[in-house]
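Below is one structure, written out as structure tokens, with a few remarks after it.
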Amino acid sequence: MPIRLLSSEVASQIAAGEVIERPSSVVKELLENSLDAGARTITITVEEAGRKLIEIADDGSGIPSDELELAVSRHATSKLVRSDDLFSISTLGFRGEALASIGSVSRMTLTSRVQNELEGARLRVEGGKTGKRTKVGTTVGTTTRVEDLFYNVPARLKFLKSDVTERRAIDSLVTRYALAYPHKRFKLSEGKNITLQTSGDGDRRSILAALYGVDVAKQMLEVTAEEDSYRMTGFISSTSLTRSNRREITFFLNGRWVHDGSLSTALLQAYHTLLMVGRYPLTALFLEVRPEEVDVNVHPAKAEVRFRNQDKVFSFVQRSVRKTLLAYSPVPNIAPSLWGTMRTQPSASNAVGLDWAIGHDEKFSVNNDMAPENGDLSVEADAQSSTLTSQASADVVDRKSEIENPSFTSIPLLRLIGQIGATYLVAEGPDGLYLVDQHAAHERVLFEKLMTQHAMKNIPSQSLLTPAVVTIPPHSAQLLIIQLPTLQHFGFDVEEFGPNTFQVRAMPALFMGSDPEMALRALVEDFEEDESPLQNEIEAKLAARVCKRMAVKAGQALSHEEQRALLIDLEACDSPRTCPHGRPTMIHLSVDMLERQFGRRGAR
Ligand code: ADP
Ligand code: MG
């Protein structure tokens, strides 16, 4: 084939591919234009997840009538004149590409009016072809209406995800921009529902609640830091609030949402040792640097940036976050008076039955007379455990397999000694001492009961006398609606009860007495974007999540009866040694180990 110049329509479509990938990219570009135009109020309307319609109306400066054609042509911008300006950009846009790109892959109508003109003008662009400008009466500002996105690029359409996912991308984009610009009023409607509305009063916490829900928002720590020419504000999650992926890590740089690996790394370093492996914080951080300090022209959608002084920014972010975390030092899960120190997160080396180093003092000697003669720890048994001796000795034989695969091995029958720190149960077994984490253990117990009932398709459900009405963030609400039948299988009777609001009318009898609102929130928390995992995987995840919330907490005093019941239930579990999330439920100090630690056997 001979070489030919591409027609302008094809060229624009190719270029559009870089900038306009999905409906939320349109929303992003139009939002940025409104913000650049100094709008105070921005109204976004979306239909069919943006496939049918995206309309953004603002009260910004507007576009002069005779410049409308320019606005929609490629490389036409009012924000940049000389190439030097590229290095001191203070606007969000500068490439002059967005409107041209959007116009080439949709039917776009641009309506605008500036202050000193009496009338506004309207221009339509369809698949890159610009129509005739007409005069219209309208208020000062700009309305960009984008219909039938990708109608002429069917390949693109095929790459779009489900409506839920596309809508969620729009939601989270708009909510994050609302958070970045708390002094502007945002309104987002999808179909007939208003999914977000902010007052523009500058209060970020309330927007945070719209993004993450009230519970989570309450647990976010506020960051304010300033150093040389750098400034950072926003929120980070406390160490007790984490997610299983990095999706909730948000950075804005000079008012623009960026995805920057080094910023996230700096953030994660600040959390180092404070979070368990595989857990990530939630953040919404707003970084401001002098425009000369950063090159924003390295990515077509401006999502990536390059810093002039990368190390300095990195360390500023890392230190500021760390300082905030330490200032709010983690709330101890157990009463410090009982333990003197704060609980640390279990680390991977704390795996079941592994080395439990007990610090000892050379000069300290054990009064041997006090200890049982031959190291046999079969202490006076109470009625319960004496009947179980044969079972117990059988268990010792089993110990080898226990070492090979600790989490799937049953545990011996245990004799309860008591509770310490309102957090751990102390028990004795045929082979030493067991420290049981009451929360992890209860999580395991609830999880196995629920899954067993579920497998037998018989989860006893109990109606609530007064149904609980719960409002949850819009994106979770959308996902919840899809999962309602699953919840039904689990004994939850939940119904839609207005926009983003649900009514819990019954819940599994297993959880009776617990807070139904908390149960529902637990179910939707951390909803995965992953769209088609296996249904039984979803169900196990849901079950694990709700059991975690419903389980007794560390720091909760339990009656002797409750402690005993918990141990008995745990003994009956198939995998009693780990909680459904894989953490150990217990630490075992074997007789062997105790003897070695006390110098009764081996060296010394
Ligand atoms: P860029 O934002 O990179 O300049 P765009 O294609 O997004 O490029 O917009 C082209 C021009 O149209 C802008 O430079 C601006 O002058 C004008 N414009 C676009 N949207 C608006 C708006 N909402 N309000 C005022 N002017 C706008
Ligand atoms: Mg723009």
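The values are calculated or read from the model by the stated rules, or taken from the named source; none is laboratory data. Predicted model, so just to flag it, every value in this text is computed and none were measured. Every residue, glycine as well, gets a Cβ built from its backbone with ideal geometry; the counts of neighbours run over all protein chains shown. Heads up: the accessible areas ignore ligands, DNA and RNA and are worked out on the full protein's heavy atoms, side chains in. Shrake-Rupley method; radii C 1.70, N 1.55, O 1.52, S 1.80 Å.
Assorted remarks:
- Qualifying residue in segment 64-81 (condition: near ligand 1 (Cβ under 7 Å from one of its atoms), modelled with pLDDT of 95 or more, more than 21 Å from S12 (Cα to Cα) and small (G, A, S)): no
- Among the residues making up segment 244-260, those that are closer than 23 Å to G582 by Cα and either assigned to a loop (DSSP other than H, G, I, E, B) or modelled with pLDDT of 90 or more (or both) are S244, N245.
- G50 vs. criteria more than 13 Å from ligand 1 (Cβ to nearest atom) and buried (at least 24 other Cβ atoms within 10 Å of the Cβ): yes
- Counted residues, segment 415-436 - those being open to solvent by less than 30 Å² (accessible area, probe 1.4 Å) and within 20 Å of C579 (Cβ to Cβ): 10
- Residue list for segment 261-299, filter: in a strand (DSSP E or B) and touching a residue at least 40 places away in the same chain (Cβ under 8 Å): T283, A284, L285, F286, L287, E288, V294, D295
- Residues within segment 140-169 that are part of a loop (DSSP other than H, G, I, E, B), open to solvent by 70 Å² or more (accessible area, probe 1.4 Å) and either at pLDDT 95 or above or within 18 Å of L99 (Cα to Cα) (or both), tallied: 1
- Among the residues making up segment 104-121, those that are without any contact (Cβ under 8 Å) to a residue 40 or more places away in the chain and either within 13 Å of ligand 2 (Cβ to nearest atom) or touching a strand residue (DSSP E or B) at 6+ places or on another chain (Cβ under 7 Å) (or both) are M108, T109, T111.
- Qualifying residue in segment 179-194 (condition: part of a loop (DSSP other than H, G, I, E, B) and among the hydroxyl-bearing types (S, T, Y)): yes
- Qualifying positions in segment 469-507 - surrounded by fewer than 17 Cβ atoms within 10 Å (Cβ to Cβ), among the hydrophobic types (A, V, I, L, M, F, W, C) and touching a residue at least 60 places away in the same chain (Cβ under 8 Å): I482
- Considering (1) under 30 Å from I194 (Cβ atoms); (2) near ligand 1 (Cβ under 7 Å from one of its atoms); (3) among the acidic types (D, E), the lone condition that E97 does not fulfil carries the number (1).
- Residue list for segment 425-468, filter: free of Cβ contacts under 8 Å to residues at least 24 places away in the same chain, assigned to a strand (DSSP E or B) and under 28 Å from F502 (Cα atoms): L465, T466
Yes/no matrix, rows are residues, columns are (1) part of a loop (DSSP other than H, G, I, E, B); (2) aliphatic (A, V, I, L, M); (3) over 12 Å from V146 (Cα atoms):
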{"residue": "A76", "(1), (2), (3)": "yes, yes, yes"}
{"residue": "L80", "(1), (2), (3)": "yes, yes, yes"}
{"residue": "D84", "(1), (2), (3)": "no, no, yes"}
{"residue": "F87", "(1), (2), (3)": "no, no, yes"}
{"residue": "L92", "(1), (2), (3)": "yes, yes, yes"}
{"residue": "G96", "(1), (2), (3)": "yes, no, yes"}
{"residue": "I102", "(1), (2), (3)": "no, yes, no"}
{"residue": "T111", "(1), (2), (3)": "no, no, no"}
